[in-house]
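Trainee: One structure, as structure tokens, below. Some questions next.
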């Protein structure tokens, strides 16, 4: 059996034709280890516009920023703010809905 290894190199990014310098990413996770793993992986892929936070309140503030994230990597089980509330608040923040 041949082992399959995930390729987190620049060549994989080039194959996907993604410009990592044009994408704002927000990592939202209350576990420090998971935040660090995601930040490391994204950095290896060349994404340098990455913000990270450990709570929903600061994530919502980042959504209201002048340059909100294009991609959000979110923990679905956070004690402070459940994912359903986060996504509902996110939708109302980005669309202007009440």
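The values are calculated or read from the model by the stated rules, or taken from the named source; none is laboratory data. These figures come from a predicted structure and were not determined experimentally. A quick note on method: Cβ atoms are made from the backbone with ideal geometry, for glycine too, and the neighbour counts reach across all protein chains shown.
Trainee: Look at residue 42 and say whether it is over 13 Å from residue 24 (Cβ atoms) and surrounded by 15 or more Cβ atoms within 10 Å (Cβ to Cβ).
Mentor: When the stated conditions are applied, residue 42 does not pass them.
Trainee: Considering only residues of the stretch 57-74 that are part of a helix (DSSP H, G or I) and touching a strand residue (DSSP E or B) at 6+ places or on another chain (Cβ under 7 Å), which is farthest from residue 31 (Cα to Cα)?
Mentor: Going through the qualifying residues, I end up with 62.
Trainee: Hey, can you tell me all the residues within the stretch 32-47 that are assigned to a loop (DSSP other than H, G, I, E, B), on the phi < 0 side of the Ramachandran plot and more than 12 Å from the chain's Cα centre (by Cα)?
Mentor: The answer is 45, and nothing else.
Trainee: Give me the pairs: first residue in the stretch 45-59 and closer than 19 Å to residue 18 by Cα, second residue at pLDDT 90 or above and assigned to a loop (DSSP other than H, G, I, E, B), beta-carbon distance under 6 Å, and six or more apart or on different chains, which are they?
Mentor: Filtered contacts from the stretch 45-59: 49/24.
The rows are residues; the columns are (1) in a loop (DSSP other than H, G, I, E, B); (2) in contact with a helix residue (DSSP H, G or I) (Cβ under 6 Å, 6 or more places away or on another chain); (3) at pLDDT 90 or above.
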site: 11; (1), (2), (3): no, no, no
site: 30; (1), (2), (3): yes, no, yes
site: 52; (1), (2), (3): no, yes, yes
site: 76; (1), (2), (3): yes, yes, no
site: 80; (1), (2), (3): yes, yes, no
site: 91; (1), (2), (3): no, no, no
